[in-house]
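So the structure is just underneath, and the comments pick up after that.
Any read-out appearing in this document is the output of simple, stated calculations on the displayed coordinates, not a laboratory observation. Values in this document were obtained by computation on a predicted structure and should not be read as measured data. Cβ: placed from backbone, ideal geometry, glycine included. Neighbour counts: every protein chain shown.
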Amino acid sequence: MNRADLEELLRTRILAAEIAPGERINESALAEDLGVSRTPVREALLRLEGGGLVRFDRGRGFLAAELSADEVRETYPIIAHLEEWAVRGTGSALRGLAPKLTEINSAFAAATDPAAAHGFDAEFHRVLVSRCGNTRLLELTNGLWRTIRRYEHVYFADAADHRASVAQHAEIAAAVAAGDGDLAARAVAENTTESMHLLLARL
């Protein structure tokens, strides 16, 4: 396993909460588990520390970074505005996404664990903005969705919040099916903003 792949693997484990926020990362055990020496593991952790996903504590070593209310406040409004902008810019192509959005939302409703729920939630949003025609906007949105992956595990651990999000997605899909881009744009922004407020109440 090369250094880039190792770093990406550790990043994915942290973002998926396989390494929980605040959990100590045992370098030796991790190196043994991955079949590599301790040095590249430490180098990867140092790079992740630079990106804010890992922190170093002199008494405990490396830990997955704790969840941050500041990161939620900074990230979710940006996602809301970008997705609203993308939906408004999609035009007549938006209506054709309705069947796929409804299909994804059905799978989202049936998901029974936070990881699966987040996966379908992210897919719903990804499809919704997929035809905006702005590649740079999509790259930014996808990167931000990746950033909030750890937080969504907290959000979807609550069954009531999961059901509320399913209902909001249904409203978005209905607006898309009706060809009402303005309503769909407002609804997706509200969906993301509501997620932010619920998360902040728990952090």
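For a quick protection proxy, order the peptides 144-150, 71-77 by their average other-Cβ count within 10 Å, most packed first. Each step should come with its number before you reach the end.
On the way: 144-150: 18.3, 71-77: 16.3.
In descending order of packing, they fall as 144-150, 71-77.
Shape call for the range 3-64 from the C-alpha gyration tensor, a ≥ b ≥ c root eigenvalues: rounded (a/c under 1.5), prolate (a/b greater than b/c) or oblate?
Details: a/c = 1.35, a/b = 1.16, b/c = 1.16.
Verdict is rounded for the range 3-64.
Take R95 and R3, extend 7 Å from each Cα along the Cα→Cβ direction, and tell me the distance between the two endpoints in nm.
Result: 5.4 nm between the two label points.
Which of the DSSP-defined H helices in the chain satisfy a minimum axial length of 30 Å, computed from C-alpha atoms, and a minimum mean Kyte-Doolittle hydropathy of -1.0?
Span-like helices in the chain: none at all.
How would S165, S106 line up from fewest to most surrounding beta-carbon atoms within 10 angstrom?
Fewest to most other Cβ atoms nearby, the residues stand as S106, S165.
Using helices alone, what [θ] at 222 nm do you get for the chain, with -39,500 (n - 2.57) per DSSP H run of 4 or more residues, divided over all residues and rounded to the nearest 500?
-22500 deg cm²/dmol
Calculate, for L46 and E66, the FRET efficiency according to 1/(1 + (r/R0)^6) with r their C-beta to C-beta distance and R0 22 Å; round to the nearest 0.05. Working shown, then result.
Working: r = 18 Å, r/R0 = 0.83.
The value I calculate is 0.75.
Need one word for the range 69-200: rounded, prolate or oblate. Basis is the Cα gyration tensor (sqrt eigenvalues a ≥ b ≥ c); a/c below 1.5 gives rounded, then a/b vs b/c decides.
It is oblate, given that a/c is not under 1.5 and a/b is not larger than b/c.
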